[in-house]
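For reference, the structure discussed in these notes is given below.
The values are calculated or read from the model by the stated rules, or taken from the named source; none is laboratory data. The shown structure was predicted, so the numbers you read here are calculated from the model rather than taken from an experiment. Don't worry about glycine lacking a Cβ; one is built from the backbone with ideal geometry, like all the others, and counts go over all protein chains shown.
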Amino acid sequence: MGSDVNVTVDGPPELLDVARDRIDVLERRWSRFLPDSEISTLNGSGDWIDVSPDTQVLVDRSVAAWELTGGRFDPTILPSLVAAGYRESRSERPGRTTLPVGATPGRAPGLGAIELDGAGGRIRFPADVMFDPGGIGKGLAADLVAEELVAAGAGAAVVSVGGDVRVAGRAPGDWSIAVEDPFDPNRTIAELTMSRGAVCTSSILAKTWVTADGPRHHLVDPRTGTPAATSTVSATVVTADAWVAEALCTLAILTEPVDALGHLESMGVAAIVVDRDGLVWRTPGLERYAA
């Protein structure tokens, strides 16, 4: 998943090893940078592929997120992401995305034609579908690991995967979560408190690079197949589950700030949006999480 992982557990210290092992398993199954991962095997295959329950959940949640956001969140942007220059893993673990012959950037095909056979443990991607687990993989990993740690005996757990934070269990008090300024990682724009739930942040400034055609970032607009041209620089969303928050962050970044806040507020979620001028916008619902 190309991200730093931080785990805090109110419980036996050996649960940290459980968390580390679980993240490694999810990485091996979901990473688009590993040629033998289940996602890499599915990409562009056009065939039914036997997959783990983890990957069934990932694809099922991705379809749900695609529908929830009206297609704004769309992990089938992989060819465009690679074409924009994001082929190599940007983590300490080396890796490279290899696309099938014929994969072309452009408008994302969407997830409507993906088939899931839950009873048989199989999934089929159409030949034109190349899937990047990206953000939703991070959010879902945080959800799964936090819930499994509590099931394994932790009183409470906080799991952060690349800035996607999930809080589970029953801690003695609230956890404090800092929201970073997208323009200055040493500065905090908000402190949120919660006893359970999720906080996710996405930013077009988080993963950037320069090509011969100019600067690029990792958030591709599925309608155009190019890095999103938006005045929204970052979005932070608070929900019950990190996979939902991650999808809604993408929706917000692909929308102008005023419209993004209105849309998120109508969905009953709390959010922070930062625009290119550094202005910080908040939904009224964020007040209940104020430190």
**Report entry** Conditions (1) under 21 Å from the mean Cα position of the chain (by Cα); (2) free of Cβ contacts under 8 Å to residues at least 60 places away in the same chain; (3) surrounded by fewer than 18 Cβ atoms within 10 Å (Cβ to Cβ); number of the one not met by Phe183
**Finding:** (2)
Report task. Keeping to region 167-222, report how many residues are at pLDDT 90 or above and of a type in the set (Phe, Trp, Tyr). Result -> 2
Query raised in the report: Among the residues of region 262-280, which ones are among the β-branched types (Val, Ile, Thr) and more than 17 Å from Leu248 (Cβ to Cβ)?
Result: Val280
**Report entry** Those residues of region 141-174 which are without any contact (Cβ under 8 Å) to a residue 60 or more places away in the chain, under 26 Å from Thr283 (Cβ atoms) and not charged (D, E, K, R), in sequence order
**Finding:** Ala146, Val167, Ala168, Gly173
Query raised in the report: Do you know which of the residues in region 1-48 that are in a helix (DSSP H, G or I) and polar (S, T, N, Q) is farthest from Gly134 (Cα to Cα)?
Result: Thr41
Query raised in the report: Looking only at region 224-270, which residues are in a loop (DSSP other than H, G, I, E, B) and within 17 Å of Thr283 (Cβ to Cβ)?
Result: Ala240, Thr255, Glu256, Met267, Gly268, Val269
Query raised in the report: Residues of region 49-64 being in a loop (DSSP other than H, G, I, E, B) and β-branched (Val, Ile, Thr), which ones?
Result: Val51
Query raised in the report: Of everything in region 225-258 that's modelled with pLDDT under 90 and over 11 Å from Asp275 (Cβ atoms), which residue is surrounded by the fewest Cβ atoms within 10 Å (Cβ to Cβ)?
Result: Ala229
